[in-house]
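The values are calculated or read from the model by the stated rules, or taken from the named source; none is laboratory data. Small disclaimer: the values here were computed from a predicted structure and weren't measured. Please note: Cβ atoms are built from the backbone with ideal geometry, for glycine as well, and neighbour counts cover all protein chains shown.
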Amino acid sequence: MIPVTRLNGQEVYVNADLVLFLESSPETILTLQNGKKITVKETIAQVIDRVVEFKSRCYPKAVSNP
C-alpha cells in the first residue's frame, strides 16, 4: 500500500499492485485495474517513487545493490 493525498487533503492508501496507469491533466490521476480513478496531489514521479520504494521493501532481494 502506498499513501497518496486526494485533492481535498484526505490521505488514502492505494494497493500499488492495482495501479494500471497514471495520467497528468494537470492533476495526477491513478487508474486502477478495476477501472476506478483517483485524483491525487502527488506528481507522477512521486507516485512512481512510492511504488518503487514499496516494491523494494516487499522484494528486497530483487533490488541489486552494487
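Overview of values
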| read-out | value |
| --- | --- |
| Those residues of segment 7-24 which are in a strand (DSSP E or B) and within 13 Å of residue 47 (Cβ to Cβ), in sequence order | 12, 13, 14, 19, 20, 21, 22, 23, 24 |
| In segment 2-40, residue farthest from the chain's Cα centre (by Cα) [restricted to those that are without any contact (Cβ under 8 Å) to a residue 12 or more places away in the chain and closer than 23 Å to residue 58 by Cα] | 11 |
| Check on residue 13, of a type in the set (Ser, Thr, Tyr) and modelled with pLDDT under 95 | no |
| Hits in segment 40-66 (condition: of a type in the set (Val, Ile, Thr), out of contact with any strand residue (DSSP E or B) (no Cβ under 8 Å at 6 or more places or on another chain) and modelled with pLDDT of 90 or more) | 52 |
